Amino acid sequence: MSRRLEQQAAPAGTGVSHVFPIGSRLNERGWLEIGGCDVSEVAAEFGTPAYVYAVDDIRTRARAYVDGFRKRTDHFEVVYASKAFPCTAAYRLLAEEGIACDVASGGELYLALRGGFAPEKIYFHGNNKSQAEIAYAQEAGVGHVVIDSFHEIGLIEAPQKVMLRVTPGIKPTTHDYIATGQVDSKFGFGLDDVPRAIGAVGRRGLELVGLHAHLGSQIFDLGPYEKLAEVLTQMGDYPLLNLGGGLGIAYTNDEHPPPIDEYVETLVNGAPDGVTVLCEPGRSLVGNAGVTIYTVGTVKEIPDVRTYVAVDGGMSDNLRPMLYGARYEAEIANRFGGGTVCTIAGKHCESGDVLQRDVELNDPKPGDLLVMPATGAYGHAMANNYNGIPRPPVIFCEDGDARAVVRRESYEDLALRDVL
Ligand code: LLP
């Protein structure tokens, strides 16, 4: 399956790299096609900016996870870390694939239930869950609450299946903001506190079924996962072992993360026989499935300094470049290739609102459609309304059919919560 994924992700001769959704191609007219839909037609129908997803890409990756486990063990659960892309349609799609779901707040829980996840397939996370959120989760009947602190133990009513989130003291190689496994973390119980937490959970009458740890996100080196399974199994024998998510994806053409199958193999090999292994992929399920399409507006050339190509979105639809210095590819949607070194700027009133510095585009001009791949995870999820910019729609493309699953925000929406 992993080889098939690689091949599908980089079809020969189309000029579309593996950072684009599986099945993407340049069509006979020279335009990028996602999920069988010409992006110029998607832009004409739904406007820009827009998040455009290939539905089959998400399905293929979800199946790669499930198949990767199934061929190695009968005891596993793939859990969609829905913070990566929390919209009702995405929940619905992944519920259809039969996997479980992780939510990190009452709001994500609401959307997961609305999207059709059975409550017993939901894992409720969060380092500071409120009493109200916990009550909501228990009333809804969530399968597992993943306990993060001593304070939280006192907020949960028995009976309830719970897991303990452990901070294993392992720091993966990734951006500091998205590393969570190290000792200095706001998440979970340090190893020394685990025995005391186990005692407190027992006294509260809660049913402790396993341990959980999440090392961090956008991880390419699988070594720390082997270590993680070892550390957690030393803490006691439990039926469930949740090794978190975090498998990295390719944002740029030169990045080649380990295939899903290799990641799954590492997780399964690390766990003791008979234990149910859980993993919680977010980014690696949805990240490469989505691209953002923008329209180019102002092109400002400062001789001997820089050429700014401004698009009709920016830090309100993709915070990742500003937050993490994240890098992306970019192309003019009907003229792939380089030639002009430019800096892609957003339209917000802030100099730091730059989506990409020093990327090559093919002669960008006002009115061109610019596409930025690998924006499917944590783009829509972290979108905001800075400068009163309405958030983009989410478009699902499948077999040549494009449909809005989240509409574009309107100016009226911006005032919807006003109390005058
Ligand atoms: N499980 C837990 C408990 C998590 O905290 C996370 C991510 C995941 C699973 C999923 O990790 P993934 O497979 O997506 O790497 N906003 C940041 C990412 C923050 C990740 C937070 N937790 C970004 O845009 O890179």
Contacts under 8 angstrom Cβ, first residue in the range 202-219 being without any contact (Cβ under 8 Å) to a residue 12 or more places away in the chain, partner more than 9 Å from the ligand (Cβ to nearest atom), 6 or more apart: Gly202/Leu208
Selection within the range 109-129 - over 14 Å from Val79 (Cα atoms) and either of a type in the set (A, V, I, L, M) or touching a Ser or Thr at 6+ places or on another chain (Cβ under 9 Å) (or both): Leu111, Leu113, Arg114, Gly115, Gly116, Gly126, Asn127, Asn128, Lys129
Boolean, Val66 is of a type outside the set (Asp, Glu) and either surrounded by 20 or more Cβ atoms within 10 Å (Cβ to Cβ) or more than 19 Å from the chain's Cα centre (by Cα) (or both): no
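Does the range 213-230 hold any residues that are in a helix (DSSP H, G or I) and within 16 Å of Thr167 (Cβ to Cβ), and which are they?
Pro224, Tyr225, Lys227, Leu228, Ala229, Glu230
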Considering residues of the range 233-252 that are modelled with pLDDT of 95 or more and polar (S, T, N, Q) only, the residue surrounded by the most Cβ atoms within 10 Å (Cβ to Cβ): Asn242
Residue count for the range 245-274, restricted to those that are of a type outside the set (S, T, N, Q), more than 16 Å from the ligand (Cβ to nearest atom), touching a Ser or Thr at 6+ places or on another chain (Cβ under 8 Å) and not in a helix (DSSP H, G or I): 2
Residue check, Val39 modelled with pLDDT of 95 or more and either touching a Lys or Arg at 6+ places or on another chain (Cβ under 9 Å) or closer than 14 Å to Leu285 by Cα (or both): no
Subset of the range 186-224 [away from the ligand (no atom under 16 Å from the Cβ) and touching a strand residue (DSSP E or B) at 6+ places or on another chain (Cβ under 8 Å)]: Gly190, Leu191, Val194, Ala197, Ile198, Val201, Gly202, Leu206, Glu207, Leu208, Val209
Flag for Ile156 being among the hydrophobic types (A, V, I, L, M, F, W, C) and modelled with pLDDT under 90: no
Every pair of residues 6+ apart whose Cβ atoms lie under 6 Å, when the first sits in the range 227-254 and is at negative phi and among the small types (Gly, Ala, Ser) while the second is in a helix (DSSP H, G or I) and more than 13 Å from the ligand (Cβ to nearest atom): Ala229/Gly270
Yes/no for Thr276 being assigned by TED's automatic domain parsing to the domain that holds Pro172, in contact with an Asp or Glu (Cβ under 7 Å, 6 or more places away or on another chain) and modelled with pLDDT of 95 or more: yes
Residue match in the range 189-205 (condition: on the phi < 0 side of the Ramachandran plot, charged (D, E, K, R) and assigned to a strand (DSSP E or B)): no
Within the range 20-58, considering residues that are β-branched (Val, Ile, Thr) and closer than 18 Å to Asp317 by Cβ, the one surrounded by the fewest Cβ atoms within 10 Å (Cβ to Cβ): Thr48
Members of the range 158-168 found to be crowded, with 21+ Cβ neighbours inside 10 Å and part of a strand (DSSP E or B), listed by number: Val162, Met163, Leu164, Arg165, Val166, Thr167
Flag if Leu215 is under 22 Å from Cys101 (Cβ atoms), of a type in the set (A, V, I, L, M) and at pLDDT below 95: yes
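The values are calculated or read from the model by the stated rules, or taken from the named source; none is laboratory data. Please read these numbers as outputs of a predicted model, since none were measured by experiment. Positions of Cβ are generated from backbone atoms using ideal geometry, with glycine treated the same way; all protein chains shown enter the neighbour counts.
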